[in-house]
Amino acid sequence: MKRPLVVGLIALSAATSALAETEPQYTMGITGLKCEKLLSATKETDSPKSPVPMAMIAWMEGYVSAMNFALNQQGQPRYDIVSMTPHEYWATIYGFCTRNPHKQVMEGIPDIMGRLKREGFQLLK
């Protein structure tokens, strides 16, 4: 369980560092990453297991997981993060950026969440 997390964090760190090389310090990381930068560094046909797509998918899944925690506390249905395959995540992220090259990648979150299935809730104890 720890190994995939470590690999994902390393990939995330490497990808965001490489993509944000020319960005000012205050916009580094995925939250400040513009779609045009992502598009210049990747292709739609890239494997979701390659470093940049993997980093984007991991970040999106982490965001949705955090959202699920809040939804769970409110008794609302959560998003089922495994209801999409890594290929579907990557296609959705890449598609959003293709349509919106001047937006930030993180602005594509509603596209991801709109495609995920919702599941019932049970409060965590």
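Assorted remarks:
- FRET efficiency, 1/(1 + (r/R0)^6) with R0 41 Å, evaluated for E119 and S50 via beta carbons: 0.90
- For Q104, residues with placed amide H under 5 Å, excluding near neighbours: C35
- Computed over protein heavy atoms with a 1.4 Å probe, the carbon and sulfur contribution to the accessible area of region 33-97 reaches 58%.
- Nitroxide proxy distance, nm - points 7 Å out along Cα→Cβ at E107 and E88: 2.6
- The Cα-based radius of gyration of region 55-125, divided by its Kirkwood radius, gives an Rg/Rh of 1.01.
The values are calculated or read from the model by the stated rules, or taken from the named source; none is laboratory data. These numbers come from a predicted model, not from an experiment. Note that we place each Cβ from the backbone using ideal geometry, even for glycine, and neighbour counts take in every protein chain shown. SASA here: full protein model, heavy atoms, side chains in, ligands and nucleic acids out. Shrake-Rupley method; radii C 1.70, N 1.55, O 1.52, S 1.80 Å.
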